[in-house]
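**Q** Structure incoming, see below.
The values are calculated or read from the model by the stated rules, or taken from the named source; none is laboratory data. None of the values given here were measured: they were computed from a predicted structure. All Cβ positions, glycine included, derive from the backbone under ideal geometry; neighbour counts span all protein chains shown. Areas reflect the complete protein model, heavy atoms only, side chains present, ligands, DNA and RNA absent. Shrake-Rupley method; radii C 1.70, N 1.55, O 1.52, S 1.80 Å.
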Amino acid sequence: MTGAILRRRDDGATELRVNGVFVMDDVETSSEQALARTVIDLGAREVLVGGLGLGYTLRALLASAQVSRVVVAELHPEVVGWMRDGTVPGADLLADERTHVVVGDVREVVAAQSASSLDAIVLDVDNGPDFLVHDGNAAVYGSDFIEVCASRLRPGGHLCVWSMNDSEHLRRAMGDHLSDVRAEAVDVALQGRDERYWIVAGARQDDVAGSY
Ligand SMILES: C[S@@+](CC[C@H](N)C(=O)[O-])C[C@H]1O[C@@H](n2cnc3c(N)ncnc32)[C@H](O)[C@@H]1O
C-alpha cells in the first residue's frame, strides 16, 4: 500500500494525494464542510469521521458547540503527523479535547465503537464508492460494513457518505440497513471546472440489532 503525499501547486494550493490519487486540495473545501453541516443540522453530538484529510470536516464539526465528541479514523499516520507538526494547519483541531484520533482503517475503528453510541458516522475516505484510493476500501460501501455502521448508531442516528457520483449501488446497500436514504448534490468549482458532488445519507431504523 502506497501512502499519502502533499503536493504544493504553482498556484500556492496544497493538494493531498493518497496512493497516487488526488483526493482534495485546500482551495475548494465546501463539500467537506457540507458533510459536517449535514450531521450538525440533524442534531448530532457524538460523531465518527472516516478520513482526516486536511481537516475541513473536523474543523466544521468542532466549530459547533453542539458537538461534544469526534472520533477520527485515519489510515495513514503521516496525514495525522503533518497536522500535528504544523506542515498543514490544524494542530488546534487535534488538541481540542473533543477530538479522538485513531490511526487505522475506518472499518476497524467503527467496529471498535460500542453499539448504539454515535449520533452520526461520516465517511470521506475515497472519491466515492466508484473512485477508490485503495482497492480494499470497496468494502466500506458494502452492505456488511453499512450494517456494522447502523449498529453503532443510536436509533435515529445518521450515516453520511461523501461521493463524486450519486451511486445507485451505494444507495441500495445503505437502503438494506438504513431508512430515508437520499443523495443531496453539492455544486462546487474545482480548479476552474464546475463539479457536482454528493452526500448520501440514511438514518438508523429502530429495529437494528446491536450484536455485531
Ligand atoms: C478526501 S480525504 C478526507 C477529507 C476530509 N473530509 C477533509 O475535510 O479534509 C480522505 C482521507 O481518508 C483517508 N483514508 C483512506 N482510506 C481510509 C481508510 N480505509 N480508513 C481511514 N482513513 C482512510 C486518506 O488517507 C485521507 O486522509
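**Q** Consider Val79 against the criteria (1) in contact with a Phe, Trp or Tyr (Cβ under 7 Å, 6 or more places away or on another chain); (2) in contact (Cβ under 8 Å) with a residue 60 or more places away in the chain; (3) near the ligand (Cβ under 9 Å from one of its atoms): it satisfies all of them except one. Which criterion is unmet?
**A** Of the numbered conditions (1) in contact with a Phe, Trp or Tyr (Cβ under 7 Å, 6 or more places away or on another chain); (2) in contact (Cβ under 8 Å) with a residue 60 or more places away in the chain; (3) near the ligand (Cβ under 9 Å from one of its atoms), the odd one out for Val79 is (1).
Residue-wise test of (1) part of a helix (DSSP H, G or I); (2) surrounded by fewer than 23 Cβ atoms within 10 Å (Cβ to Cβ).
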position	(1), (2)
Val148	yes, yes
Ser151	yes, yes
Pro155	no, yes
Leu159	no, no
Trp162	no, no
Asp166	no, yes
Leu170	yes, no
Met174	yes, no
Arg182	no, yes
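Residues checked against (1) open to solvent by 20 Å² or more (accessible area, probe 1.4 Å); (2) in contact with a strand residue (DSSP E or B) (Cβ under 7 Å, 6 or more places away or on another chain); (3) assigned to a strand (DSSP E or B); (4) of a type in the set (Ser, Thr, Tyr):
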position	(1), (2), (3), (4)
Val71	no, yes, yes, no
Gly81	yes, no, no, no
Val88	no, yes, no, no
His100	yes, yes, yes, no
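**Q** Oh, and also: Taking the stretch 8-57 only, how many residues are more than 9 Å from the ligand (Cβ to nearest atom), open to solvent by less than 50 Å² (accessible area, probe 1.4 Å), farther than 21 Å from Gly86 by Cα and among the small types (Gly, Ala, Ser)?
**A** The total comes to 4.
**Q** I want to confirm something. Restricting to the stretch 114-130 and keeping residues that are aliphatic (A, V, I, L, M) and more than 12 Å from the chain's Cα centre (by Cα), which single residue is farthest from the ligand (Cβ to nearest atom)?
**A** Ala115
Here's the yes/no breakdown for (1) modelled with pLDDT of 95 or more; (2) on the phi < 0 side of the Ramachandran plot:
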| position | (1), (2) |
| --- | --- |
| Ala139 | yes, yes |
| Ile146 | yes, yes |
| Ser151 | yes, yes |
| Arg171 | yes, yes |
| Leu178 | yes, yes |
| Val181 | yes, yes |
| Gly192 | no, no |
| Trp198 | yes, yes |
| Ser211 | no, yes |
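**Q** Further question on the same structure: Out of all the residues in the stretch 87-106, is one or more touching a residue at least 40 places away in the same chain (Cβ under 8 Å) and within 19 Å of His158 (Cβ to Cβ)?
**A** Yes, the stretch 87-106 has at least one match.
**Q** When you scan the stretch 58-66, do you find a residue that is of a type in the set (Lys, Arg), more than 10 Å from the ligand (Cβ to nearest atom), assigned to a helix (DSSP H, G or I) and surrounded by 16 or more Cβ atoms within 10 Å (Cβ to Cβ), even just one?
**A** No: the stretch 58-66 contains no residue that is of a type in the set (Lys, Arg), more than 10 Å from the ligand (Cβ to nearest atom), assigned to a helix (DSSP H, G or I) and surrounded by 16 or more Cβ atoms within 10 Å (Cβ to Cβ).
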